[in-house]
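Below you'll find the structure, written out as structure tokens, and then a few comments.
The values are calculated or read from the model by the stated rules, or taken from the named source; none is laboratory data. Worth saying up front: this structure is predicted, and the values here are computed from it rather than measured. We place every Cβ from the backbone using ideal geometry, glycine too, and count neighbours over all the protein chains shown. With ligands, DNA and RNA removed, areas are computed over all heavy atoms of the protein, side chains included. Shrake-Rupley method; radii C 1.70, N 1.55, O 1.52, S 1.80 Å.
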Amino acid sequence: IFTKFPQNDQSMLSFSRITRPVRTQSLRTQVYETLLERIQQGAIGRADRLLDLEIASDLGVSRMPVREALLRLTHEGYLAGTSRGFMLPTLTYEDMSEIFEVRKLLEPRAAAMAARDIQDEQLQQLATARDQAQEAHHASNSGRFIRANSDFRQVWLQAVSNGRLSSTINRFADHVQAVRFDTLQSAATREIALAGLGRILLTFQHHDVLEAQDCMARFLVDSEDAFFKAWRDTHPAKSDSKPKGLSASQ
């Protein structure tokens, strides 16, 4: 799995950053964070299998911290264990509906908190991520678009003072990363997402708490509509019925 990402691609996280033995707890955390960032950046696909022995060999570490990191990611819902290694979980139509419902409850409030407290340096980072997303969209590069979108989310969540809230949002957003890669192949879906990023950035720049909350709520509804339209187009046999929790516009 890891050999398919070129070493000179600076947009991807290199596993070579873990180069020397450290105490077990720290090493396990480094492996965990490395794999998590790969998931967040879309560098691990739904067909990829993660094997602890192969990862340990690539990192030059023992099998145990890798195994512990993989089990932690599985416990947190990022991975699913199989008889042939670990993979990204397969999400159903109902799973995605529930995830969107949770995000619509949490993210508008978090956006309001971020608009209140966000710093100038973070605003600049958000603008950079938005610009990178725009460039990726024009280049029809969905992988780069996803990475820029992930960077945008990571930055504004750093401005949320409630750490438990931001980490919960991050986890639910990360759980749909593999499915997001499929839907953002569509230029129309990327266009909707890009417009939403621009509106959210503007509310943060103005430190407009109420507008940030409303804008994030609209962004999530638009994202949900676009996502399930793309899902039904590609999974017609799996989405005949509409699960509870979808927006009225569905």
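For the range 46-195, what is the accessible area per residue in Å², given a 1.4 Å probe and the full set of protein chains?
Roughly 47 Å² per residue, with all protein chains present.
As an exercise, identify the trypsin sites (Lys or Arg not before Pro) in the range 55-92 lying in DSSP coil whose Cβ has no more than 12 other Cβ atoms within 10 Å.
Numbers: sites: 63, 67, 72, 84; in loops: 84.
Sites meeting the loop and neighbour criteria: 84.
Exposure check, 1.4 Å probe, all protein chains in place: residue 216 carries approximately 0 Å² of accessible surface.
Let a ≥ b ≥ c be the square roots of the eigenvalues of the Cα gyration tensor of the range 111-222; is it rounded (a/c under 1.5), or, if not, prolate (a/b larger than b/c) or oblate?
On the way: a/c = 1.72, a/b = 1.44, b/c = 1.20.
Prolate, since a/c reaches 1.5 and a/b exceeds b/c.
Using heavy atoms of the protein chains and a probe of 1.4 Å, the accessible area assigned to residue 38 is about 10 Å². What nm distance separates the two modelled labels at residue 167 and residue 121, each placed 7 Å from Cα along Cα→Cβ? Those two pseudo-labels are separated by 2.2 nm. Using a/c under 1.5 as the rounded threshold, could you call the range 146-203 rounded, prolate or oblate? The axes a ≥ b ≥ c are square roots of the C-alpha gyration tensor eigenvalues, and prolate needs a/b larger than b/c, oblate otherwise. Note, shape of the range 146-203 comes out oblate.
Please state the charge dipole magnitude for the range 48-100, taken about the Cα centre, from unit charges on C-beta atoms (+1 on K and R, -1 on D and E), reported in debye and rounded to the nearest 20.
Numbers: 5 positive and 9 negative charges, 57 e Å.
For the range 48-100, the charge dipole is close to 280 debye.
Checking the a/c ratio against 1.5 first, then a/b against b/c, what shape does the Cα gyration tensor give for the range 70-128? Prolate, since a/c reaches 1.5 and a/b exceeds b/c. Here residue 175 sits with roughly 40 square angstrom of accessible surface, probe radius 1.4 Å.
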